[in-house]
Every structure is written in C-alpha cells, then in structure tokens.
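Colleague: Pasting a structure below so you can have a look.
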There are 2 protein chains.
Amino acid sequence: MTKAPVLTPRAEDFPRWYQDLINKAELADNGPVRGTMVIRPYGYGLWERTQSEMDVRIKAAGAENAYFPLFIPQSYLTREAEHVEGFAPELAVVTRGGGKELEEPVVVRPTSETIVNEYFAKWIRSHRDLPLLINQWANVVRWEMRPRVFLRTSEFLWQEGHTAHATREEARDYAARIHRDVYADFMVNVLAIDVVAGRKTPRERFAGAVNTLTLEGMMGDGKALQLGTSHELGQNFARAFDTRYLSREGTRELVWQTSWGVSTRMIGGLIMAHGDDNGLRVPPRLAPIQVVVLAVKGEEGVLRRVREVADALIAAGLRVRVDDRTDTPFGRRAVDWELKGVPARVEIGPRDLERDTAVLVRRVAGGKETVAVNDLAALLPGLLEDDQERLLRSSREYRESRTADVATATEALEAVAAGGWARLPWSDLGSEGEAALAAEGVTVRCLVGPDGSVPVADDAPGTLAVVARAY
Amino acid sequence: MTKAPVLTPRAEDFPRWYQDLINKAELADNGPVRGTMVIRPYGYGLWERTQSEMDVRIKAAGAENAYFPLFIPQSYLTREAEHVEGFAPELAVVTRGGGKELEEPVVVRPTSETIVNEYFAKWIRSHRDLPLLINQWANVVRWEMRPRVFLRTSEFLWQEGHTAHATREEARDYAARIHRDVYADFMVNVLAIDVVAGRKTPRERFAGAVNTLTLEGMMGDGKALQLGTSHELGQNFARAFDTRYLSREGTRELVWQTSWGVSTRMIGGLIMAHGDDNGLRVPPRLAPIQVVVLAVKGEEGVLRRVREVADALIAAGLRVRVDDRTDTPFGRRAVDWELKGVPARVEIGPRDLERDTAVLVRRVAGGKETVAVNDLAALLPGLLEDDQERLLRSSREYRESRTADVATATEALEAVAAGGWARLPWSDLGSEGEAALAAEGVTVRCLVGPDGSVPVADDAPGTLAVVARAY
C-alpha cells in the first residue's frame, strides 16, 4: 500500500520532520513572543506524565518541593562571577511594574541558585538543618536567539533541585544519586532512551559548578541531546551568599551544594529518539494514553461496546482514551493516533459486535490482528511491556551501531560527519583537541569510564571522551 | 497550665497572628522583590494537595491541561477594552531581553484570556472542535502595592481554565458546573470552609466578563475572602480575537467562553478560616501529613517501634511523617507540629514499648489519650473523618452566627462593624446603596437566592446581597 507521507520523511529533512510532527500531532505551537511555545494538551500530557514519574523519584531521594519567586533582584546574579557571566546574555529584564519604572530592575529567573541561596542562608542555622534538599517545578526564561520548540525555547518548564550538605563527600554523593537514581532511571526505564551517563569536561560545565554530571541521548539523526544535568556546586554559591551552618564543634562552616535539572527539552528528546516517518512512538510506561479504543462507526451498539471495553481496560489499570468522534472519517482518526504515537489502538466496528472481536493495532511492534475482546485486558499489559523493551533495545542498538571507537580528533570528526558519535581516550584528546573539535561545531558530550561508569575525576585512568554534534 | 503564647493571640492582633503563624509554621517567607513570596516545603505541600484534589475534579469536568507562555505581547492586552483597563495598573513589563531593548515590550501574564484566544482562534475550525476545555497550572504576576503573603502577592500560583462553546447556554452551564462541582465541592468537602456560592454584582465582575460566579469564605476575623471565581465571558474576547467556528449550518459564528481560577490565596483562606491561637489546623482530607509519629526519645527500641507504627499507618492509606529528630527537645517538636496543624500526633516513648501503647493527640478535637498501638490503624481513619466534619461544622456555625439579616445599608454597616457579614434584599440596596457601602470600604461579596441558590440574574426575585469587609 502506498500513500502520501503524512510527514516530511526523516531521511529527507530531519529538522522539518521534527517540526511537522510537532504540528500534526498537536504537541505544541510557537508562541507569539519569539522563542516561546504553547504546549497543547497532548504535548502537556507527556509533560504531566514526566513530572509525575520524576516527582516520585525525587521524593524518594528525600527532596521536598517548594517554590521560589520568578523575579530575582539583578544584584543577586552578579554575586557569583562565573554564574553571571554564563547567564547575562540570556536574561529577560523587567524594568516597569505597576505603571512605574522600577528603582532596581529585576530579572526573570534563568535558574534559581542565587535566590535559593539567599534563603538557604536564612534557614540553615545548625548541622541539624542539613542536608537541606529542595526541588521546585517552575518556568524559567533564557532569551534564545535560535529557538526550536521543546529544544531551545526562551521560556521552558523544568524542575530544579537545590541542596546543601555538611561535607563535600555528601554533596558529591547526592549529585551522583540524583544523576543515577532519578535521571538515568527515568530516562532508561520510562523514556526508553539508552542514555550515556558521564561527567562534563571543565569547558562544558554549568556556570558556577565544580563538576557537572550529564545524560546524553542519541537522536534519530545521530546528534546528541543533553537530557539532564546534576551539578556539584562546591562552596561557590555558599561563599557568595555566606550560607553557613554551626557545626557540632561549634564553628560556622560554609555548606557544600548541588543543583540539578531536567526540562521540557526531554519531550524534544522523546520525539527525536523514538519518532518515525509516521509520527511519534510513545513508550507505554510514559504514555498519557496507552490504549485508544476507537468506534469505527457511530452505531449505538458499537459505542456501547467501545465504552465497555474501555472500562474493562481502565479496570485493568491501563490509561485509556475512547475515540467516538464518528463524524470524523475513521481513516483520519487512525492516522491521528498513529501520529500521536499511542502504543495500542483497539478498533471496534459493527462486524465485531456479534463475533465479540476487535482489531488490535500496535504502534511499536507494528501489525494488526483480530483478537477476542474478552482477552484484551489480560493481553495488553504484557504487549505494552514488550513495546517498552523494544524501544529501549532499539535505542541501545542504534546508539551502539552509530558510535565509533577512534584514536584521533580527525577520526572523531569523520565519524561525526558520517552521522554518529565517536569515542576516544580523553588523555589523547585533551583540552586542546577539544578546542579543535569545537571550532568544527563538535563537542565532548561527556567523559565516561572504560567500563561505562561515571569517572570520579577528569583524569581518572582510562577515561574516554564521547564526541558528537549536539542540539 | 499557662505558657507563653507561641503566636500573637488572634483577638489581640489578627493580621499579626496571621503573619506569625506563616513564619513559625514555616509556610512561606517574603521574597526579595516587593510582593513576591517564597513558599516553603510545608506550605507548598498544602498547595500540592490542593492541586491534586482540584486537578482530579477539573479533569472529571472534561478539561485538559495545557501551557501558554508567560510573556504576552503588550498589544494583545489592549484588544478587549474593559480587560486592559482592569489590568493595566498591575502589569510587569519586560523591556530588555538577550542584552537588547525589545522592539515591542512584553507583559508578564496577569491572566491568560488574551493569549489563549489568539490560539483558540487558530485551533477552532468547526463545531466539531467545540466545546474546547483547557486548564493550565501556572504563575501569574499582578504588581501589588499592599502585599500580604498568600492573599495579595505580586506573583502567585493558580490554575486558570479557559473554554469555548457553541452556545451561550453551554458556556453558562459550564461556568456553573466548575463553580459547583469543582470549586464549591473542593472548598466545602476538602478545605472544610462553608463557602457562600453566589454571583457578583456588575460592579465586582471580572474585567471582560458578562457574569462572575464567586465563592466567599468567612475568615476568623469576620472578614470575607473571595476563594475562587468562574466567569462567563460572553463573546467579548471572541469578538476581540475573532474566535469563530463553522456551524452545522455552514455559517461562521463567534464562540461563547468561560474562564475560571483559584490560586495560592486559598492557603491564606485555610489559615484564616481554621487557624487558632496555637497555629494552623489542617483539614485531614487536605493534609499533606495526616499523622506524625514522634519518637519521644532516641532509643533504638523507640525508633524501631515508631517506624513500625508509621509503616502500619501508611499501609492503612494514611499520609504519615516520622519525627525522629530526637536531638531536638520533644516539647519543641510537639509545639511545632501543633503550629503546622497536623491533625493527629502519635507519640511513642520508652515506657510505651512494653505496654504496646502510644499517646494520641488530636489537633482539632483536642485531648490526649493513651491507646493500644495495634488499634491505631483501625482507629485513625474514623477520627480523621470526625475532625474533618468538626472543622466544616464549626465553619458553618461561625458564619451563620456572624451573619445578620438586615434591612438597610446603615444596618449592614453596623453589622459589618461588629465583625461579621450582613444580608439584605438586593432590590432594597441596589447599585446606589452598593456605592455608598463601597465608600466605607464595605462591598457586596455576592448575590444569593433566598434559598441559598445562585441567582440566574442580578434581578431575580428575592435575591439577597451578602455584604462584608473583604481581603
């Protein structure tokens, strides 16, 4: 069967395919102010599921949610030198409020380390107040010159964690715990993206951090996407804001800190990691709608059966949507659910009624089969888990097949030009080699240990650099 | 037993009691930019529970969550004349972005009717796209000259619903449904505030609405707090943004709209409706922590028992926190949980171990009793429901006892001066009487039917005006 493509094929024009998919699957629109976005209900449903899965993991790691103001006095930003240098070019500044020029302009938060430290310095009195583990779900603004929906937007939604600890070791361990138990766990086991977990080179670190841990995913065009970062801040912000605690020994000590964040950029990663030429493919564990039950025709018996099947699937613990919009042609609705990447489609028409059957269409495994309606509730959970595994496996195989082990910067550039990643000893590449790659628009995404572990230092023996073009 | 009061007594200075409670229960701090606030974990926990209870009800009413940008082009605001007039004095304006002066300044959303309509006008094509039912959880900014934490803040968190319908009747019914099934249901059955549900007079309507439904709660000082509003917007925004649909008859018709919102102001209402001189009292159905299990001493056996009891209560479906901070004096921790208004406190000390007992302290019903630990899981759910009912009943009795039926504006002012509300026939008061009250800082909070129903028109026979001083 040939049909006109619904989307620009990925092989033809990947960026256009990405934009097509976002439009046609009704995930998001560009906002009226340059670089902003409107997240439509289906796209927001993906974010809600992301939030809910992440929030459970964040709370399990002991952090509590709170909320800090959107507006930060400009003077706060300047207290940590590297931090202000990193963010100054991207700030949005409010100069008028309540009909008057403000005496001190305020910036719209690009991130909240500064304002959080102002309050940590007030709240933390003694070692008994530590560790202080805070997270917030919020919007942040970084003025974006080359915006792209979900990937680089002037406003985005994220969570940002901020913690204070009594010792360097505790802070280091907590940053690593978030990196591993919250971020990697979510990305691998829910998003089904086989991320590489590593540490950033000094050049690629967060402005104000002493160490940045990262998770990098390979997208469908072979480029890398940074999906989340967890930073050790050392005592940089503590010094700038005099955030101290009274130790057991009675001395006033600076705290050690971490911060960590993931954003709506992950939705962009989901699209580019799992989308195909027919649209999105949502991993079942993430999917806001795991099963859509479609009425092929608007006959009363069909609608009743559709409702019964949906209820049975909901009772089986699945996330289900009924599609009974039978004044829209069936074919168009089927294409729409395929675009949206809903893992399983159960289609029920008049002929299915007497036979007690339905047609089951699977988005990831593919194929179409007639099944007994009474088997669906028992069948689907296993099929969905199978789809989840398929997506992760295919993400892993794809990344492995497109990652070349090379010996020199020149070979790394060749591998990247061929549409993949390269891996080479960091001791061979070094900061000079890194600068040479950067001149070609290629970056060291992260450093990893020879066994895939996260190196405890930049110069740990055997450390490898993973090199790619990145979003 | 006499002890120094933890808070300024309410009778002595209600506003100061309010601020004391917020500080000492660690609910929130003032932010560095005037009028902003930092919501601390326990205060944010109250908001998270509010969101989760509300979100279920909003989704049950058929609305889906989405996200619109924080930044709105200034020109959008001016398209609906009353709307811009209402909000212009409160706007925060971004004039610099990415290091440059912006060509068109952007406002930080004070509410999103304008930007939502810009997109509704694009998304809505035909009658098949209606009703369109959208909600968003977001922060908004209204520059505030006389800020007070939770009640009037320059930035606050809220949900705002925006819907479009084919007919005036459908829009009217949907605004009423949200008012009743989402807002009143949550406020009465979860917040335990016996709100009065009514409609606003034309003078008190939302800027741009043709009808505003409201929920008003009586606070501990006899003043009124508007806890939520649901608006019929008629076709005002549809006209301004040309939001039209193709009807079944093939004509292009303007949609009819609603918008509705509740905010972090509800946390202020919770405090002022249920707080007493010892602190907050949180209704159990809302409480992020329903039961705190305290280790009186840090002995190993006590800590183990505390953990066992907590696990049993969690298994019984309760929201439980363990307090094993035994390096802080027990008395101070008990006062702290009382301040925070956690409904039930289970205290376990060394002497309880052999007897298999615990001391149960109830925040709402009061009293302290020794109970068998094995009975707790069976006992507590019923006691918590009892506390929930007590709070609602006391809210109702308080409001009824402090509401005077009067005949004239002068009598209404007297009743309000005595620290309560007044109720009188709207046909007797009228807009002139309303203006006279307003000159004294007293407003018509809402119009209600003689049977307590929500009037379908300002001039429905028998309509009563509820009059009060308000926050």
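Colleague: Sort largest first and round to whole Å: the equivalent ellipsoid semi-axes of the stretch A:192-291, each the square root of five times a Cα gyration tensor eigenvalue.
Modeller: The equivalent ellipsoid of the stretch A:192-291 has semi-axes of 38, 16, 9 Å.
Colleague: Within 10 Å of each Cβ in peptide A:111-120, how many partner chain Cβ atoms are there on average? Round it to a whole number, please.
Modeller: 2
Colleague: Also, I was wondering about something else. Express the C-alpha Rg of the stretch A:269-333 as a ratio against the empirical globular expectation 2.2 N^0.38 Å, rounded to two decimals.
Modeller: 1.29
Colleague: Now for a separate question. Rolling a 1.4 angstrom probe over the protein heavy atoms, how many square angstrom per residue are accessible across the protein assembly as shown?
Modeller: Here the residues of the protein assembly as shown average 39 Å² of exposed surface.
Colleague: Could you let me know the centre-to-centre spacing of the stretch A:432-471 and the stretch B:422-471, using Cα atoms, in angstrom?
Modeller: The stretch A:432-471 and the stretch B:422-471 have Cα centres spaced 70 Å from each other.
Colleague: What is the Cα centroid distance between the stretch B:258-315 and the stretch A:122-141, reported in whole angstrom?
Modeller: 20 Å
Colleague: Over all distinct Cα pairs, what is the inverse of the mean 1/r for the stretch A:406-468, reported as the Kirkwood hydrodynamic radius in Å?
Modeller: Hydrodynamic radius (Kirkwood, Cα pairs) of the stretch A:406-468 is 11.4 Å.
Colleague: Using 1/(1 + (r/R0)^6) with R0 = 60 angstrom and r between the beta carbons of A:D386 and B:T78, what's the FRET efficiency to the nearest 0.05?
Modeller: 0.60
Colleague: Let me ask something else about it. Structure shown: which of A:K200/B:K122; A:K200/B:K340; A:K340/B:K59 lie over 31 Å apart, alpha-carbon to alpha-carbon?
Modeller: A:K200/B:K122; A:K200/B:K340
Colleague: Could you work out [θ]222 nm for chain A from helices alone, using -39500 (n - 2.57) per DSSP H run of at least four and dividing by all its residues? Round to the nearest 500 deg cm²/dmol.
Modeller: -10500 deg cm²/dmol
Colleague: Once the label point is placed 7 Å from Cα along Cβ, list for B:L353 the distances to the corresponding points in the other copies, in nm, shortest first.
Modeller: Label-point separations across copies, in nm and ascending: 7.1.
Colleague: May I pose another question? Please give the charge dipole size of the stretch A:155-249, origin at the Cα centre, charges +1 on K and R Cβ atoms and -1 on D and E Cβ atoms. Round to the nearest 20 debye.
Modeller: Dipole about the Cα centre, nearest 20: 340 debye.
Colleague: Taking θ as phi - 60°, what are the ³J(HN,Hα) couplings along the stretch A:167-184 by the Karplus curve (6.51, -1.76, 1.60), each to the nearest whole Hz, with x for Gly and Pro?
Modeller: Rounded to whole hertz, the list is 10, 4, 5, 5, 5, 4, 5, 6, 4, 5, 5, 4, 4, 8, 7, 9, 6, 4.
Colleague: Using a ≥ b ≥ c from the Cα gyration tensor of the stretch A:94-151 (square roots of the eigenvalues), is it rounded, prolate or oblate, where a/c under 1.5 gives rounded and otherwise the larger of a/b and b/c decides, a/b for prolate?
Modeller: Judged from the Cα gyration tensor, the stretch A:94-151 comes out oblate (a/c at least 1.5, b/c at or above a/b).
Colleague: Step through the residues of the stretch A:18-25 one at a time and calculate ³J(HN,Hα) from phi using the Karplus curve (6.51 cos²θ - 1.76 cosθ + 1.60, θ = phi - 60°), rounding each to whole Hz and writing x for Gly and Pro.
Modeller: 3J(HN,Hα) across the stretch A:18-25, in whole Hz: 4, 5, 4, 4, 4, 5, 6, 7.
Colleague: May I pose another question? Measure off 7 Å from each Cα along the Cα-to-Cβ vector at A:A60 and A:E411, then give the distance between these two points in nanometres to one decimal.
Modeller: About 4.0 nm, to one decimal.
Colleague: For A:L102, enumerate residues with amide H under 5 Å from its amide H, sequence gap 5+ or separate chain, H modeled in the peptide plane.
Modeller: So A:L102 has HN proximity to A:R96, A:G97.
Colleague: Which whole number gives the average count of other chain Cβ atoms within 10 Å of the Cβ atoms across peptide B:57-70?
Modeller: Mean number of neighbouring Cβ atoms from other chains: 5.
Colleague: Based on Cα positions only, what radius of gyration and what Dmax would you give for chain B, in angstroms?
Modeller: 24.6, 81
Colleague: The stretch A:146-239: Rg/Rh from Cα coordinates, Kirkwood Rh?
Modeller: Using only Cα positions, Rg/Rh for the stretch A:146-239 is 0.98.
Colleague: Just the ratio, please: alpha-carbon radius of gyration of the protein assembly as shown over 2.2 N^0.38 Å, N its number of residues.
Modeller: 0.99
Colleague: Compute the label-point distances linking B:G419 to its equivalents in the other copies; points lie 7 Å from Cα along Cα→Cβ; give nm, one decimal, shortest first.
Modeller: 7.8
Colleague: Expressed in nm to one decimal, what extension gain is obtained for the pair A:Q51 and A:Q19 from 0.36 nm per residue of sequence separation less their Cα-Cα distance?
Modeller: That works out to 9.2 nm of additional length.
Colleague: Using a label position 7 Å from Cα in the Cα→Cβ direction, what is the ascending list of nm distances from B:A372 to the same site in the other copies?
Modeller: When each copy's label point is compared with this one, the spacings are 5.0 nm.
Colleague: Could I have the simple spin-label model distance between A:A365 and B:R332, label points 7 Å from Cα toward Cβ, reported in nm to one decimal?
Modeller: Result: 6.0 nm between the two label points.
Colleague: I would also like to ask the following. Assuming R0 = 45 Å, what is the FRET efficiency of A:E249 and A:A438, from their Cβ-Cβ distance, to the nearest 0.05?
Modeller: About 0.45, to the nearest 0.05.
Colleague: By the gyration tensor of its Cα atoms, with a ≥ b ≥ c the square roots of the eigenvalues, what is the shape of the stretch A:14-274: rounded for a/c under 1.5, prolate for a/b over b/c, or oblate?
Modeller: Cα axes put the stretch A:14-274 in the oblate bin.
Colleague: With r defined as the distance between the Cβ atoms of B:R396 and A:D451 and R0 fixed at 60 Å, what FRET efficiency is calculated, to the nearest 0.05?
Modeller: Plugging the Cβ-Cβ distance into 1/(1 + (r/R0)^6) gives 0.35.
Colleague: In nm, give the distance between the simple-model label positions of A:E12 and A:E299, each being 7 Å from the Cα along the Cα-to-Cβ direction.
Modeller: For A:E12 paired with A:E299, the spin-label model returns 3.9 nm.
The values are calculated or read from the model by the stated rules, or taken from the named source; none is laboratory data. From a predicted model like this one, the values you see are computed outputs, not experimental measurements. Cβ atoms come from the backbone with ideal geometry, glycine included; neighbour counts cover every protein chain shown. Remember, those area values only see protein heavy atoms, side chains included, never the ligands or the DNA or RNA. Shrake-Rupley method; radii C 1.70, N 1.55, O 1.52, S 1.80 Å.
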